[in-house]
Every structure is written in structure tokens, then in C-alpha cells.
Amino acid sequence: MFDIQEIRSQFSILDQKVNGKPLVYLDNAATSQKPDSVLEVWNKYYTEINANVHRGIHTLSQLATEEMELSRRKIQKFINAEHDFEVIFTKGTTEGINLIAYILTQKLKKDDEIIISYLEHHSNIVPWQMLCERTGAKLRVIPMDENGILQLDQFEKFLNEKTKVVSVNQVSNALGIINPIEEIIAKTRKNTNAYIVIDGAQSAPHFTLDVQKMDCDFFVFSGHKMYAPMGTGILYGKQQILEDLPPFHGGGEMIATCSFDGTTYAGLPFKYEAGTPNVGGNIALGAAVDFILKVGQENIQNHENALLEYAQRQLLELEGIKIYGEKANRTGVVSFNLDGVGIALDVGMILDKLGVAVRTGHHCTQPIMDFFNIAGTVRASFAVYNTFSEIDALIEGVKKAQRMLS
Ligand SMILES: Cc1ncc(COP(=O)(O)O)c(C=O)c1O
């Protein structure tokens with residue numbers, strides 16, 4: 001049974017007024033709110049357990065280690081990785097992609113090619129540009145059409161023996177478009193030996209995941225967008241690939257032996273987890289996975305899809321609303337502008353006065369904004385706790401913005 005009021009009651013933060021109005025939080029693609037169960041686990045760690053992991057004989061250290069490793073196994077199951085040591089704790093998607101781009105440096109040479117898509121977040125663009133600078137490799141970008149749909153016939157033409165990396169997101173943060181990663185992965189496997197990286201920042205909170213079935217080499221996501229604390233994230237990598245590639249950061253935890261004559265590295269996952277990890281956050285990420293599984297991923301997806309459909313239908317009933325990616329297959333994000341009326345920022349400010357939190361601007365996807373020749377959009381993005389009456393509040397706010405700005 002999907003009981004929205006029961007779900008909302010688990011998010012104390014939602015029960016407040018902003019600017020004198022009930023908070024309507026529709027900025028979930030930027031970060032989600034955290035259920036009390038996650039905050040309790042995080043708080044319990046700091047009030048009852050706090051100790052460094054893996055290096056202590058004392059009881060608290062052992063407890064902290066057990067809890068963090070239990071969380072790793074929960075995440076292993078959540079993404080269906082074959083081994084728990086293929087799950088690396090990071091501080092988020094950005095760190096995950098930078099890590100991958102760094103450790104691939106020795107595998108690329110001048111004129112090799114890295115393929116990304118037009119729909120990427122800056123964190124899946126810039127680390128690859130930096131890798132190109134280090135190696136002389138070239139970046140190729142899968143084009144999209146005016147609906148934001150990636151042109152896979154073009155992508156297929158890009159694939160050749162020079163293709164060393166293909167890195168795309170499963171869901172676009174700016175437009176909510178679900179990309180055909182199954183097809184992208186299949187075509188890449190068929191035609192190349194490239195490493196396949198999937199940015200799951202916007203899919204992990206919403207979809208059922210199976211990295212083995214997906215057959216990607218790397219899958220990265222952020223905890224804070226899926227009901228866990230900030231500063232948490234996951235990098236999944238296939239065992240053989242992670243074993244073959246060099247470490248990222250050097251330091252404590254990632255060594256097997258260390259002397260002035262040289263160092264040997266620890267096995268997985270520790271080889272990629274130098275330094276003290278975010279123990280409390282990583283444990284709380286496991287609690288966020290528990291929350292998602294308890295609500296049910298299918299329930300989450302159905303509810304968010306219904307919200308999307310409702311929001312889109314109502315927005316399109318208004319005059320002069322342009323929704324970007326309107327005709328594409330999307331998940332709970334609606335990105336729009338008011339035709340010829342003010343700028344996205346003005347709309348966002350008016351909505352904020354009404355207690356409605358949306359994001360405005362380029363959403364760290366400037367190439368998409370350039371494509372549509374706009375500075376930014378108003379983006380409303382949904383999570384499991386959002387309601388239809390909150391969408392009504394959004395629509396009322398948009399109507400008010402139209403009146404005030406025209
Ligand atoms: C698709 C996508 N990739 C990467 C990121 C970067 O995530 P983080 O800032 O948590 O590292 C985001 C954040 O919005 C995103 O939506």
C-alpha cells in the first residue's frame with residue numbers, strides 16, 4: 001500500500017512554512033530531503049559509535065567497521081553488483097567520474113576518442129576534457145534533436161577502434177530525459193573495446209538498478225539525491241577493471257605495505273578508498289537504501305510518473321509555456337520557460353515567495369541551454385513525498401508569475 005501521508009510524515013523538514021506558506025519542495029534533482037530514519041542512523045553513529053574504521057581493535061571501531069561494511073553490502077544488492085568489493089564509497093557522482101577519468105589516463109593516447117552526449121551534466125564533461133588535455137585524446141558528443149532525444153545513428157557512426165570511453169547519463173538532470181543506455185551499451189560492446197561509464201545520479205533515486213544486466217564497466221551516483229546525507233556517493237566498477245587500473249588518491253587505508261623503497265596497494269575496495277571515509281554518511285546511505293526498498297521502487301516510479309504527467313498536462317493548459325524535452329521519454333522532471341515573459345530566475349523568485357522551491361538556471365548543463373538558445377529554465381523535479389496538491393501550488397505560482405511579469 002502506497003500511503004503518501006505516511007511517507008510525508010517520515011520527512012520532518014517538509015512540515016514547515018517558508019515565506020509564510022507551506023513548503024512545497026520541488027528541487028529534488030538538486031538534492032532530496034532525508035527521512036527521519038536516515039537522520040536517526042546518522043545521529044546514532046555520532047552519538048553512540050563514532051570511531052575510525054578498519055584500523056581499530058577496540059569495540060567502537062569494530063562496530064563502525066561492521067556497520068559501514070553492512071551498508072556496502074546493502075548497496076551491492078541495491079545495484080546488483082556481483083561482489084561487495086566492487087562498491088567504492090565516494091563523496092558523490094562528481095568525485096566518481098573524476099576518479100575514473102584520472103585512473104584511465106595511462107590507457108589513452110593521442111587521437112583516441114571519448115564519447116559523451118549532449119545531455120551531460122558538467123561533471124560528465126569537464127573530467128573528460130581534462131583527460132583529453134592530459135593525453136591528446138578527442139571528445140565526441142552524441143548530438144540530440146529539438147526534443148532532446150539523442151541521435152543514435154550518429155553515435156553509431158562515431159564508434160571505431162579509437163573509441164576508448166563512452167560515458168553517458170541514464171537520466172538527464174536538466175530535462176529528465178531517460179536515455180537509451182541499453183542500446184548505447186550494446187552498440188558500444190558490439191563495435192569497440194571501450195570502457196562504458198554510466199552516470200546514474202538521476203536514475204539511482206528512481207529506478208531499479210542492475211549493473212550486471214546493464215553490462216556497464218562503471219556506474220556512479222550520489223547519495224544526497226536519494227535520501228542520504230550530502231558527501232556520500234558510490235562508484236561501482238567491474239572487479240577485473242578495478243584490479244587492472246591504478247589507484248586514484250594515495251594515503252592511508254589504500255596500501256598493503258608502505259616503505260621508503262615503495263608501496264604495494266591494498267585489494268578492492270580499499271585501493272580506491274584512501275583516507276578516512278565519511279563513515280556516518282556511508283552508514284546512513286545504507287539506511288536510505290532501506291527506505292527506498294521499503295517504499296518500493298515500483299511504487300516510487302509510478303507515483304513520480306503520475307506527478308510528472310499531472311504537472312505537464314496542467315502546464316500545457318496554460319498559454320505560452322514551453323517545456324523542454326516535452327516529447328521525450330522522461331522521469332519526474334519538468335523543465336520549462338514562460339514564453340516571452342521575464343527570465344527563469346524571476347519565475348523562481350516569485351515561486352519562492354509562495355513557498356514553492358524550484359531550481360532556475362542552467363542546471364550545470366550549459367551546452368543544453370546553448371542548444372535551445374536560452375540562459376536557463378525553471379525546473380521542478382519530484383520525489384516520492386510530493387503530492388498532486390503541491391503540483392497545484394506550482395501551477396498557481398506559475399499563473400501568478402505570468403500575471404506579474406507580462
Ligand atoms: C546527471 C548528474 N550527474 C552528475 C551530477 C553531480 O552530482 P554531485 O554534485 O552530487 O557530485 C549531478 C548533480 O546534479 C547530476 O544530476
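The values are calculated or read from the model by the stated rules, or taken from the named source; none is laboratory data. Just so we're clear, the structure is a prediction, and the values are computed from it rather than from any experiment. Neighbour counts are summed over all protein chains in view; Cβ atoms, including those assigned to glycine, are modelled from backbone coordinates with ideal geometry. These area figures cover heavy atoms from the full protein model, side chains too; ligands, DNA and RNA do not enter into them. Shrake-Rupley method; radii C 1.70, N 1.55, O 1.52, S 1.80 Å.
Report, for the stretch 39-293, the % of DSSP beta bridges that are antiparallel, rounded to 5.
Counting only bridges with both partners in the stretch 39-293, antiparallel ones make up about 50 percent.
Connecting C-alpha atoms closer than 10 Å in a GNM of the chain, tell me which of ALA311, ALA357, ALA186 has the biggest fluctuation.
In the Gaussian network model the winner is ALA186.
Hey, got a sec? Which trypsin sites (Lys or Arg not before Pro) in the stretch 94-123 land in a DSSP loop and have at most 13 other Cβ atoms within 10 Å?
Answer in residue order: LYS109, LYS110.
Taking Rh as the Kirkwood radius computed over C-alpha pairs, what is the Stokes-Einstein D of the stretch 44-187 at 25 °C in a medium of viscosity 0.890 mPa s, expressed in µm² per second?
Stokes-Einstein gives a translational diffusion coefficient of 138 µm²/s.
Step through the residues of the stretch 54-60 one at a time and calculate ³J(HN,Hα) from phi using the Karplus curve (6.51 cos²θ - 1.76 cosθ + 1.60, θ = phi - 60°), rounding each to whole Hz and writing x for Gly and Pro.
6, 10, x, 8, 6, 4, 5
Computed from the mean reciprocal separation of all distinct C-alpha pairs, what Kirkwood hydrodynamic radius does the chain have, in Å?
Roughly 22.3 Å, rounded to one decimal.
Per DSSP H run of at least 4 residues, take -39500 (n - 2.57); add these up for the chain, divide by its residues and hand me the 222 nm value, nearest 500 deg cm²/dmol.
Using -39500 (n - 2.57) per qualifying helix, the result is -12000 deg cm²/dmol.
Using θ = phi - 60° and the Karplus curve 6.51 cos²θ - 1.76 cosθ + 1.60, what whole-Hz ³J(HN,Hα) does each residue of the stretch 259-270 get, with Gly and Pro shown as x?
My calculation for the stretch 259-270 gives 9, 5, 7, x, 10, 10, 9, 5, x, 6, x, 5 Hz in order.
Provide the per residue accessible area, probe 1.4 Å, for the stretch 283-340, rounded to a whole number of square angstrom.
In whole numbers, the stretch 283-340 has 42 Å² accessible per residue.
What Kirkwood radius, in Å to one decimal, follows from the Cα pairs of the stretch 160-300?
That comes to 16.9 Å for the stretch 160-300.
Which whole-Hz couplings ³J(HN,Hα) result when phi for each residue of the stretch 357-366 is put into the Karplus expression 6.51 cos²θ - 1.76 cosθ + 1.60, θ = phi - 60°, listed in order with x for Gly and Pro?
For the stretch 357-366, the Karplus-derived couplings read 9, 10, 9, 10, x, 8, 6, 6, 9, 4 Hz, x marking Gly and Pro.
Is the stretch 203-272 best put as rounded, prolate or oblate by its Cα gyration tensor, with a ≥ b ≥ c the root eigenvalues, rounded for a/c under 1.5, and otherwise prolate when a/b is larger than b/c, oblate when not?
oblate
From the convex hull of the Cα coordinates of the stretch 1-88, what is the mean projected area in square nanometres?
For the Cα atoms of the stretch 1-88, the hull's average projected area reads 8.8 nm².
Of all GluC sites (Glu not before Pro) in the stretch 59-142, which ones are in loop regions per DSSP and have a Cβ with at most 12 other Cβ atoms within 10 Å?
Answer by residue number: GLU82.
Counting heavy atoms of the protein chains only and a 1.4 Å probe, report the per residue accessible area for the stretch 132-244 as a whole number of Å².
Solvent-accessible surface per residue comes out at 37 Å².
Taking only the alpha carbons of the stretch 246-311, what extent do you get along each of the three principal axes, in Å, biggest first?
64, 21, 16
In debye, nearest 20: dipole of the chain around its Cα centre with unit charges on the Cβ of K, R (+) and D, E (-)?
500 debye
May I ask you to list the aspartates and glutamates whose Cα is less than 16 Å away from that of LYS353, ignoring any residue fewer than eight positions away on the same chain?
ASP27, GLU390, ASP392, GLU396
Under 10 Å, Cα contacts only: if you run a Gaussian network model on the chain, which one of VAL165, VAL126, VAL211 comes out with the highest mean-square fluctuation?
In the Gaussian network model the winner is VAL126.
Taking H as built 1.01 Å from N, whose amide H comes closer than 5 Å to the amide H of GLU253, not counting residues under 5 places away?
GLY275
List the residues, sorted by chain then number, that are 5 or more residues from SER32 or on another chain and whose placed amide H is less than 5 Å from its amide H.
LYS225, MET226, TYR227
According to the square roots a ≥ b ≥ c of the eigenvalues of the Cα gyration tensor, what is the shape class of the stretch 278-406, taking rounded for a/c under 1.5, prolate for a/b larger than b/c otherwise, and oblate for the remainder?
Judged from the Cα gyration tensor, the stretch 278-406 comes out prolate (a/c at least 1.5, a/b above b/c).
Under a 5 Å amide H to amide H cut-off, with H placed in plane at 1.01 Å, what residues pair with ARG140 once short-range neighbours are removed?
When sequence neighbours closer than 5 places are left aside, the close amide H contacts are ILE114, ILE115, ILE116.
Where the accessible area of the stretch 39-293 is counted over protein heavy atoms with a 1.4 Å probe, how much of it, in %, is carbon and sulfur?
Exposed carbon and sulfur together represent 52 percent of the surface.
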